[in-house]
Structure formats: C-alpha cells, structure tokens
Amino acid sequence: MLGVLALLGALLCATMIRFAPGYGADERELDSRLSQESRDAIRSEYGATETLPHYYRRYVSGLLRGNLGTSVFLQRPVAQLLWERAPLTARTVGFGLLAAWIGSSILGLLAIRFPNAMLNYSAMALTGFLIALPAAVIALLFVFWRAPVFLGIALVTFPKLYRYQHNLLTQAQSQPFAFAARTRGVSENRILFRHVIPLVWAPVLALVGVSSSMAFGAAIPLEALSDSPGMGQLAWQAALNRDLPLLTSITLCVTVLTVGVNFLADAIGQRKSS
Amino acid sequence: MWPSLRPAILLLAVNFAASSHAQAPAELHFCLHGEPKTFNPLLVDDEASENIRYLTGGVLIRVNRQTQALEPGLAESWRVSPDGRQITFQLRKGIYFSDGSRFSSEDVAYTMRLLMDPQTHSATGDAFRSGSGTVVVKTPSPYIAVVTFPAPVAGMERLFDQVAILSAKSPKKEQSVLGPYYVSEYKAGSYVLLRRNPNYWRHDAQGRQLPYIDTVRLDIQRNRDIEMMRFRRGELQLVNRVDAQQFDELKKENPAAARNAGTGLDGEELWFNQAASSTLPDFKKKWFQSTDFRRAVSLAINREDLARVVFAGYATPAFGPVSPSNQFWFNAKLPAPKHDPKAALALIAGAGFQLQNGTLKDSMGNRVEFTLITNSGNAAREKMATMIQQDLSDIGISVKVVTLDFPSLIERITRTFDYDACLLGLVNTDLDPNSQMTVWLSSGENHQWNPNQQTPATAWEAEIDQLMREETSLANEKLRKAKFDRVQEIVAEQQPFIYLVNKNALSAVSAQVIGASPVALNPQTFWNIDTLRLDPTQQIGSKQ
Amino acid sequence: MIQRVFRGVSWSILAIVFACTLFAEGFTHYPYARQFRELPNAAPSTIHLLGTDDLGRDLFARVVYGTRVSLLLAPAAALLATAIAAVLGGLAGLRGGRLESLILACADLLMSLPLLFVLIALRAFLPLGISPLLSVVATFVTLGLLGWPSSLRVVCAASRNLRQSDHMLLARATGYSNTQLLFRQVIPNLRPIFLAQFWISIPLFILTEATLSMLGLGVMEPLPSWGNLLRGCEDFGAMSANPWRLVPLLLLVITVICFQLILHSSEEPA
C-alpha cells in the first residue's frame, strides 16, 4: 500500500513536470558556439520525444533494479546524489523535529498543568512571534548568526506544534469529565496524565505526520537560502531546472517518508484507542 | 588563585576563537558560484567547470587576460598558414603531466581528435567547426604538431586558449593535467580542493617553480550575499563578479579590497519578438518589425539612470554588442546612446503612432502595450525591467513585467515564440565575435529576434549575413574587423537588440593576497594564479 | 479581563490596518510605482515617511498597498483551504474505514508534491498578458487548493473522536443519513476547530507568499506585497545601514500576532 502510494506520487509528479511549460529547455541552448548536432544531443537528453507510458515503464523497471536515472542538470546518477545528500537533510530535519517536539511538549504540559496567566501569555507571545516570521527570514537570520540549520527547522515547527497541542489539551481539559474529576478531588496531575493525555493521544499523534511535512517543507527554503548542500537545496535546484529524473525520485522519497510516518502514527493511534 | 587565572583563560579562549577562523597560510580560499558539471575539460560549458579548467588545464596558446594579447603556453611558437586552415605548433620540451607521463605532440593529436569528434558534443570543439570534414593532426616529430582544418577558422589562435591538453597515454585520463593545479578532493555540493602540480612547467624569473600557493580550496556557494559575508569575515580571499550594490558597501568599509577593473565584457540587452511564425496578433508584429518603433523605444530608455540606480554607477550605457573593454573589436565610431523621449515621440509619430491622453496608440487605434519577460532570481534585471517600464510609460507605452523561471523563458524564446519582448544578459567569454555566428546569421538558432530563417527577412539582415560570411573566411584580422565594424553599425541603426548597459568587472581581493590585479576578462581575480602569493601576516578580516 | 484587553487591542490594530489598506489612496501621497530616481535608498523624511527603496519608490506607499494584497487575499485562500479540509476531513472521520484511508492517502500525496514546483509551473502556464493582480489571485487560489492537507488530519482525528461520542450514536440511531450527519452534527460541533484552522491558516498563507516572494516567485512588478518588500532583507549590509527597511517585517509580525491573540482569546472557556 505504501509502495503503491509512493509510486503514484512519483509518477504524478513526473507527469506534471513533463507537461509543464519549459520542459526540455536548457540554458545551454543559448551558447552560440554549439553546432546543430550538439543542440540535438542536448535536447535528446531530456527525452522530450518519449511518450509518457513509455517513460513510466522505464522508470518503474529502473526503480526495481535500483537505478533511479541520471540527473540531466547535474549529470550524475540520481541515486548517488540522493545518497550523498540524504544524511545531511535527515540529520537536520530529524534533530529539528526532535527539538520542536520536546520543546512544544514540555511547554504545552507545563502550561496546562500550571495555568499561570504569565506563563500562558509569554508562551503565546513567543510562539506568536515565531509563527509570524516567514521561514525565509528565519533562514536569513540563521545564516547571519551562523547557527545550525536544524535549529531553524525547530524554530519554524515548534510554535505551530505548540499551538495545535495547546488547543487540543485545553479542549480536553475543559471537558465535563475533567470538571467532574476535579470536584471529586482527583489531583491535577492524575487528571492530566491518566485522563487528558490518553484522550488527546490520537489527534496529537496525527500531528507527527503534519509536523514532518512542515519540517520538510521548511527545509527547502532554509537549505536553499543558507546554501546548505542537503536534499532541500537539491529539490529546489531540480524544480528550477525541470530535472525530471531527479524531481521524480525526490518526490518518491518524500512521499514514502510522509506516508510512512503517517501510517505509523495512525497505527499507533488506532491501537491505543481500541 | 582563581581570579588571577580568569583573565588568562579568557585571553586564551579569545585567541583560540580568533585563530580557529584563520586559514592555513598556504591555502587560497574562494568560491565557485555553482556545482561544476564536469571535470573533463573538453565538455566544459558552465562557469564553475570553466574555472576549474583554467586552474588545472595546460593550453598551447594563452590569451593574457590583462593585455588581451596571445602568449606562448605549452607551444613555444606557432605559425598559421596564409589560407587560415593550418596551424603548426612548436612544443616545449621536457614537460611532464602531473602523473609523470611525458608531454608530446601525440597528446595534442589525441586531444584535438577527441575535441572535434562529433560524438563528444563539445562546445569548445564546435567553435572550431567552420566547415564540414574531419580535422587532421599530423605529428612529424614529438615536439611538432600540425593541425589542418577543412575550412579556414577565423580567430583560430585565440580558440586554443580554451583547449586543455589531455594525456593520450596516462591511465588517469582527465585527472592527469598540465596546469598549475590538479583536483585532489571533490565533495559534491561542498567544495573542490586543488593541490599544486609537482610537474608544472612554468618557473619564475629566479628559476623557482610555480605556483607559489600550495593548495586552493573552492567552496560551492550559490548565494552571493553569503559569499560576501564570508569574505568580510576573512574566510574567503577572492570574490569574482561582485554585485554592484555589495561592491558599493564594500568600498565604504574596505576600499583596498574593492577592485573595479573598469568596464567588463558583460552587457544587458532587450529585444522584440520579430519571428514571423509567432502567435502574436498582426498589429503587434507590425510594431516590433518597425525600425522606427524599436529606435523610439531605444531613445526613450534612460540608460544613465539604469547604470546609476541599478548598478550604483558601476556600469556604462551600451549601444553595441561589443564592450569598450574588448580593445580590438570595439567600434569606437558608433554613436553614443541618447535619452530623448521627445525625439522618440517625434520618430514614432512618423510611423503613425499618436499620443492620446497619455496613452500611445498606433495608426489603427490599438493601445501600445506589451509584456517584457526576464528570468526570475536576478534582482538587477528585475529592477532594470521595472525602470524601463516607467521610462516607456513616459511616452505612453504600457509595459507588463513578467519574471519566469529559466526553462520556461528559454522555451518561449527558442521554441514557442510566445512572448513580446525579452530582457536578458550577455556573458561573453570570447573576445572574437566569430563565436557568435549563430547570433548574427539570420539562419542561426541564436538570432534571437527571429531565429532559423530560411531566407533573410529584411535587406539589412541579408547584409549582415553577407558580412559575417566574408568575415569568417578572411585571415587578416584588420579586414575582419572592418567587416564586423560595419555589422555593428547596422545593428546600431536597426536596433534588433536594444543594448542597455555594460557592467563593470567588480571583484574583491583580500589584503592577504599579493600580486592580484583583477581584470575585466574571466577569470577576473585569479587569471595569474600561478604568481599569486599569500601573506599570512596580514590581518584577517575586513578592517585594515 | 486581560484577555479582553488583548483582544480589544488586536481587533483595533487589525481594523486600523484594514482601513489603511481600503482607503490607501487617501493615506498615501505618491503612487507606489513612481520612481524618484534622484533619491534611491533615501532615509525617512517629511516627503517620504519611510524613505525610498532602491529604485526610489516611496516605501510608505508600497507598504500600504502591499498590505492590501497580502491582507485581502490570504483570508480568501485560508477560507478555501479550510472549507475543503472541513468537508473532506469531516467525511473521512465520520465514515472511517476505506473512505478515510483513501482521503488520507490523497492528502499525503498532495502534501508530498513539490509545492514550489507547482507554483513555478503555474506561473509559466498563466498567459503573459494578465494583470499583476490576477496573477496574484491565481497564486493564492492555488495555495488554497493545495493547502488543505495539513488541516485535514487534525479535522479528521477530531471527527473520528466525535464519531465515537454518545450524541453521535444517538443521532445515528435516530436515522440521520451520512450527509445530514456531516452537515448537521459534525461540522457544527467541530466549528471551533475549523475556526482555529482558519485563523491559523491566514498568517500561514501570508507567510507562504512572503517566502515565495523572497525566493523570486511572488507578485509581478510593480505591485508590492509584503514578501516583495521583505526581499530587501537578504542584503545584510543594507539592512544594518537602513533599519527602517524592516518596517514591513514588523507590520507582518504584528498583524500575525494580532490574529493569534484574537484566536487565543476567542477560544477560552466561558
């Protein structure tokens, strides 16, 4: 199921790229030294004469053999490019997400457990301010301060995560059962940990998928603007240059990751709630 | 005890922090503006690969970037036959590749054969292709190579500046080089590390082997703002092609580092779509094909403002395809560009256009409006387009500016011809206009305003075709120049390309580098890399 | 009490900003496109309240008109995205099973498509002759049509929770059809969540537009927008020399914070 979906995503992306205007046009064509044969060779690199079903077949069969094609723009095998750059992005996004989740969970639980107005408002102010900064501006600030990119991703994801979590927790806290428990004298800790959290567990887990996509989405402008040689920058360059093999494979990877993470989150959530 | 140690510890910490910014003194550190697409010198077609080729490749004839004159490289001397088809090289003796294999005429033969092989699809090779037929290379002795072309090649000698000689026999192929450096490490997306070639043939006047600098680190950095920031921090020692606004700021901070080599070779130009096969409505085609219309637009554009506002004064108004810094080919007799909206209106009135309530209308009552496309991501070009928009609105023409990504732009200007006007820049690597044949010939693919014509659409284009064909078959440079001068005059009269500005060649050189004298030709700051020296005692950082 | 103060302040700030954008012509002296080429990068003065940008255009006028673009179009895009998420998410959570998996799978698929590429392609598709305003509208509509997956999962999870609640069982027992359940029970009950998503999305779209402009995919010249105005921030040297250039960023941040404060206040329990 996962595989089918990922493949579907990749092929959809490929179709889009193939039929978008500008496919197959390379800036080398503006070089006035080139002979007609060289120009034809450049055009054939893009396979613009290939029909779409043929391309699908070729791509899938290549995929099964582990060959993801060759990037036209960078003139190197796609698999190699992804292999080189994936660790950097994985580390950045991974650490960023981890930092964001730890920060938002701790802050969220504190804000609910100790509903102090000051704490609440400062948390809201901080997250509000951070949400209000465009990802690009955060990227530039991080470049200027020479701070690691993963903190940038954390900063972009943390405030939204915190807000979502806070919404869910406050909603759950204000449910009738919580009031009832409070009047019966059950401690706040017990209410929080034994009743509220199990209730919001599932929707919060749903956020894992959303936050991963947010983080990946933020990775692109962050890496592009800070010139960090990860997959985000690769994806941006590929998009700008209509690099079909590269962009298809990147979409494949991203779909696998997003769908995979969501599946996992759903599975855990459903197991918990049943 | 502790209080007295604290300042010492602090001092140590500060020193450590400072020195951790320092470079190893023998390493030159600067950036490539993109990922090098190839390390094979024959296949080079982008700036980053070209820079690497310059640093690692040995060539037979070198164009001195400062004097623009030819210098002996691996060839001690050479002779071109009177018919322009044959060149005989007398090669230097006792030269070895970086891996130890001996350099001889066999390597020249191997390189030329590979270069001219149509399967190689080399842009450098295509520049030599003046006629069909094979190129024959004879090697009567290990130190004499004779290259014969099927037809005369105009400006042949200069083209050899781009041919890096490969080793015919070495198992290391392209990695075995004759230039000052060889590629030691390459981390994709990050950096390229070059180390000195132990067998480099050049020595200084005292007999010491060049280059002086042992290693060169080239970081791959696309973002120019980050690059300048790193230069200011002392991490980089050279920056090529500095953006005009950043140069302005650098000049205020550190005047010694900001180097202005004068007018460069690069220019910006605007042209109208005159292709007969385009899908534009007929009345628009009539406008764009009218010489008076184009000349009026040219008169209405304020080039001085463009140079002053967009490039902070580091550009000069341009009126022709050749920049004044191209000393030999520039036609000094061309008229200077003028800014005169009234004259523009008078000229265009003669073609039937009329200004009504601030809107220009043609003889049939259509409002004169068109879209100007340019590529996104180039701030200077977008600003120029916006300024041209206002200039033309002063004579009643309404212009919409659309920035497109490069592939869609290229598709529109080379295939679908679905555009009105386009604003792009020229990057000239070659001084000789012969490499721009496909731009000037009406049948050429790069004849941007109306490419791939079966027969010339206008009399002046036919005249240009004739002149360019004559020019390419002549061997005498002065005669060639006379022909091309006339081409430049026609272009100035007809304005198929409306040339806007020639940008200055701006670069930044750190105080640690000794011997740098940046020039207008690529590669601006490190053209004389083998004689550059590093002085580690100079203070790191921007303040002197 | 203090919440009411915050809410009041936020509403007033937003009202002022809205009024400024609606009556922009009355506030600004100079048109946003006019270039005063003798005065590029001028400092704030009595003639030009916020100085001029690098082409000599009055920055105050550009900020006011730019606010119009961002502030009027982002809510529209947010409304579109939330509406789609509401219907699809509510349905998915309500029905469960295969339909839910299908809808969630579609959402995942859409989320993993390279958004930037879609926008680049959209730009290239649009005919060249359309006005800058139309191209901006098209961009925001696309953002709305592509922006629903992130809200979907939250809506779906909440709807799933609702499905298992008592009054839903009752409603089902009384014989409501699925459509009636969706529109009569699920959507009204999830209204707080929708409102939350809507308010969260507005600044999100404003910011996405800002980031896109900074990457070069934004509004056509000479139309200003916040993102467009923030492009100047890329040049650090210029920023420190001309700190008033940060005014658009400040305005963006304040507006977004106001949105947050209103949302936060409106969802406090009575």
- Item | Fluctuation leader among C:Arg184, C:Arg245, C:Arg68 - chain C, Gaussian network, Cα springs under 10 angstrom | C:Arg184
- Non-local amide H neighbours of B:Ile514 (under 5 Å, H modeled in plane, Pro and chain starts lacking H): which ones? B:Arg533, B:Leu534, B:Asp535
- Query: How large is the charge dipole for chain A, taken about the Cα centre, if only the Cβ atoms of Lys, Arg (+1) and Asp, Glu (-1) carry charge, to the nearest 20 debye?
  - Reply: 1160
- Could you name the aspartates and glutamates whose alpha carbon sits less than 17 Å from that of B:Lys338, not counting residues in the same chain fewer than 8 places away? B:Glu268, B:Glu269, B:Asp292, B:Glu304, B:Asp305, B:Asp391, B:Asp394, B:Glu489, B:Glu493
- Label-point separation in nm, C:Tyr30 to A:Gln36, each point 7 Å along Cα→Cβ: 5.4
- Reference-scaled alpha-carbon Rg (2.2 N^0.38 Å with N residues) for chain A: 1.27
- Ordered by residue, what ³J(HN,Hα) values in Hz, to whole numbers, does region C:150-161 give under the Karplus form 6.51 cos²θ - 1.76 cosθ + 1.60, where θ = phi - 60° and Gly and Pro are x? 5, 7, 4, 5, 5, 4, 4, 4, 5, 5, 4, 4
- Note on the structure: Mean per-residue count of partner chain Cβ within 10 Å for C:124-133 equals 5
- Task: Specify the longest stretch of chain A that does not include any exposed loop site, a site being one of the trypsin sites (Lys or Arg not before Pro) with a non-H, G, I, E, B DSSP assignment and at most 15 other Cβ atoms within 10 Å.
- Result: A:185-274
- Message: Inside 10 Å of the C-beta atoms of B:90-100, what's the mean count of C-beta atoms belonging to other chains?
- Response: 0
- Theoretical FRET efficiency, 1/(1+(r/R0)^6), r = Cβ-Cβ of B:Thr416 and A:Phe179, R0 56 Å, to 0.05: 0.25
- Message: List residues of region B:146-164, by number, whose backbone nitrogen lies under 20 Å from a label position 7 Å along Cα→C-beta of B:Tyr186.
- Response: B:162-164
- Task: Quickly estimate the mean residue ellipticity at 222 nm for the protein assembly as shown, helices only: each DSSP H run with n ≥ 4 gives -39500 (n - 2.57), and the total goes over all residues, rounded to 500.
- Result: -16500 deg cm²/dmol
- Message: Counting other beta carbons within 10 Å of each residue's own, what order do B:Val501, B:Val183 fall into, fewest first?
- Response: B:Val183, B:Val501
- Query: Which FRET efficiency value, to the nearest 0.05, do you get for B:Gln327 and A:Leu64 by plugging their Cβ-Cβ distance into 1/(1 + (r/R0)^6) with R0 = 45 Å?
  - Reply: 0.15
- Message: Could you tell me which residue out of B:Ser49, B:His121, B:Ala344 lies farthest along the dipole of chain B toward its positive end? Charges go on the beta carbon: Lys and Arg +1, Asp and Glu -1, centred on the Cα centre.
- Response: B:Ser49
- Item | Debye, to nearest 20: dipole size of region B:354-419, +1 on Lys, Arg Cβ, -1 on Asp, Glu Cβ | 20
- Sort B:His447, B:His203 so the one with the fewest other Cβ atoms within 10 Å of its own Cβ comes first. B:His203, B:His447
- Label-point gap, in nm, between B:Thr359 and B:Arg222 - each point 7 angstrom along Cα→Cβ: 4.2
- From other protein chains only, count the Cβ atoms within 10 Å of every residue's Cβ in B:188-196, then give the mean. 3
- Where trypsin sites (Lys or Arg not before Pro) fall in DSSP loop in region B:26-124, at most 13 other Cβ within 10 Å: B:Lys93
- Task: Please tell me which of these pairs span more than 32 angstrom C-alpha to C-alpha: B:Lys251/B:Lys481; B:Lys252/B:Lys333; B:Lys333/B:Lys383; B:Lys169/B:Lys481; B:Lys361/B:Lys503?
- Result: B:Lys251/B:Lys481; B:Lys252/B:Lys333; B:Lys169/B:Lys481; B:Lys361/B:Lys503
- Task: Along Cα→Cβ, 7 Å out, is where each label goes; now give me the distance between the ones at A:Ala86 and A:Leu141 in nm to one decimal.
- Result: 3.3
- Message: Can you return the lysines within cross-link range of B:Lys37? Criterion is Cα-Cα under 20 Å, with same-chain partners fewer than 8 residues away left out.
- Response: B:Lys172, B:Lys173, B:Lys187
- Globularity ratio of the protein assembly as shown, using Cα Rg and 2.2 N^0.38 Å: 1.02
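Read the figures in this text as sums done on the coordinates, not as results from a lab. Model, not experiment: these values are computed from the prediction. Cβ coordinates were reconstructed from backbone atoms using ideal geometry, including for glycine residues, and neighbour counts include every protein chain displayed.
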